[in-house]
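Participant: One structure is given below, represented as structure tokens, and several questions about it will come after.
The values are calculated or read from the model by the stated rules, or taken from the named source; none is laboratory data. Just so we're clear, the structure is a prediction, and the values are computed from it rather than from any experiment. Ideal geometry is used to build each Cβ from the backbone, glycine not excepted, and the neighbour counts take in all protein chains shown. Surface accessibility is based on the protein's heavy atoms, side chains included, excluding ligands, DNA and RNA. Shrake-Rupley method; radii C 1.70, N 1.55, O 1.52, S 1.80 Å.
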Amino acid sequence: LAVKDDGLNRDDRTVEVGLKDPQGAVLGKTAVHTYTILNTTPEPAVTFTVASQQVKENGGSATIGVELSSLSGKDVTVPFTVSGTAKASSNYTITAGPVVIKAGTKSGSILVQGVANGVNEDDRTAVVSMGMPVHAVQGKTVTSTVTIVNTDPEPAVSFAQKESRGEEKTSPVRFEVVLSAPSGKAVTVGYGVKGGTAV
């Protein structure tokens with residue numbers, strides 16, 4: 001029996017060899033022999049193909065490749081978690097985990113899609129961290145950071161009304177200041193008296 005090493009990490013395999021049709025003898029008690037081929041190929045390493053990248057929030061997408069160091073004879077399951085300053089749904093959507101790399105294939109992917117939320121804010125990060133894979137070991141790059149770049153312009157600040165009036169005995173008088181759109185950052189605006197006839 002010639003055994004070939006296919007270079008794939010897989011479960012142990014068996015070969016059953018049976019005796020049949022003897023001439024000048026009869027079949028004995030043990031007519032079937034089972035030979036077990038023990039797997040000696042180590043589990044492949046799985047790694048993210050990119051450590052960091054950027055994506056615009058207004059419809060851009062980033063792909064994180066999930067790649068094996070070699071083909072496997074088993075399905076490889078790669079769990080992952082997401083942390084960072086970005087919020088799911090309001091800043092991004094992501095492929096549901098885990099990633100499953102089918103036996104005989106070498107790669108999978110995680111897609112991070114930016115979401116336009118209409119709010120001017122700082123750039124946010126989604127940090128994807130690999131968990132412990134099944135039928136593989138962790139490779140070199142197990143964390144991938146996607147920076148979600150803000151594309152919403154700064155809102156305009158103005159008075160809610162161009163003018164107003166009230167009796168002199170009414171005090172204090174308030175002038176409402178509004179933004180043209182919500183902001184994800186604190187907005188500070190100065191003010192001062194520019195003219196008029198009152199002293």
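Participant: Using only C-alpha positions, report the orientation-averaged shadow area of the convex hull of the chain, nm², one decimal. Write down the numbers at each step before the final one.
Facilitator: Details: hull surface 78.9 nm².
The number I arrive at for the chain is 19.7 nm².
Participant: Of all trypsin sites (Lys or Arg not before Pro) in the stretch 72-181, which ones are in loop regions per DSSP and have a Cβ with at most 14 other Cβ atoms within 10 Å? Provide the component values of the computation, followed by the final result.
Facilitator: Values: sites: LYS74, LYS87, LYS102, LYS106, ARG124, LYS140, LYS162, ARG165, LYS169, ARG174; in loops: LYS74, LYS87, LYS102, LYS106, LYS140, LYS162, ARG165, LYS169, ARG174.
Passing sites in the stretch 72-181 are LYS87, LYS102, LYS140, LYS162, ARG165, LYS169, ARG174.
Participant: A follow-up question, please. For the stretch 127-199 and the stretch 53-67, what is the centre-to-centre distance using only Cα atoms, to the nearest Å?
Facilitator: Computed from Cα coordinates, the inter-centre distance equals 25 Å.
Participant: Follow-up. Exceeding 29 Å between C-alpha atoms, which entries from my cross-link table qualify? They are LYS4/LYS106; LYS140/LYS185; LYS74/LYS140; LYS102/LYS140; LYS56/LYS162. Write down the numbers at each step before the final one.
Facilitator: Numbers: LYS4/LYS106 21 Å; LYS140/LYS185 37 Å; LYS74/LYS140 21 Å; LYS102/LYS140 21 Å; LYS56/LYS162 37 Å.
As for pairs spanning more than 29 Å Cα to Cα, those are LYS140/LYS185; LYS56/LYS162.
Participant: Here is a follow-up. What longest range of the chain stays clear of loop-exposed GluC sites (Glu not before Pro) (DSSP non-H/G/I/E/B, at most 10 other C-beta within 10 angstrom)? Walk me through the numbers on the way to the answer.
Facilitator: Working: sites that count: GLU163, GLU167, GLU168, GLU176.
In short, 1-162.
Participant: Per residue, how much accessible area does the chain show when a 1.4 Å probe rolls over the protein heavy atoms, in square angstrom? Could you put the intermediate results ahead of the total?
Facilitator: Working: 13820 Å² over 199 residues.
In whole numbers, the chain has 69 Å² accessible per residue.
Participant: Measure off, as a whole percent, the carbon and sulfur share of the 1.4 Å-probe accessible area of the stretch 1-122, all protein chains present.
Facilitator: Details: 3880 of 7540 Å².
Roughly 51 percent, rounded to a whole number.
Participant: Computing the accessible area with a 1.4 Å probe over protein heavy atoms, can you report the carbon and sulfur percentage for the stretch 131-172? List each step's numbers first, then the result.
Facilitator: On the way: 1650 of 3270 Å².
Answer for the stretch 131-172: carbon and sulfur cover 50 percent of the accessible area.
Participant: Within 10 Å, at most 16 other Cβ atoms, and a DSSP state outside H, G, I, E, B define an exposed site. Report the longest part of the chain free of exposed chymotrypsin sites (Phe, Trp or Tyr not before Pro).
Facilitator: 1-174
Participant: Can you check what the net charge comes to around ASP122, using other residues whose Cβ is under 13 Å from the Cβ of ASP122 (Lys, Arg +1; Asp, Glu -1)?
Facilitator: On the way: positive: LYS87, ARG124, LYS185; negative: GLU57, GLU121, ASP123, ASP152, GLU154.
Here the count lands on -2.
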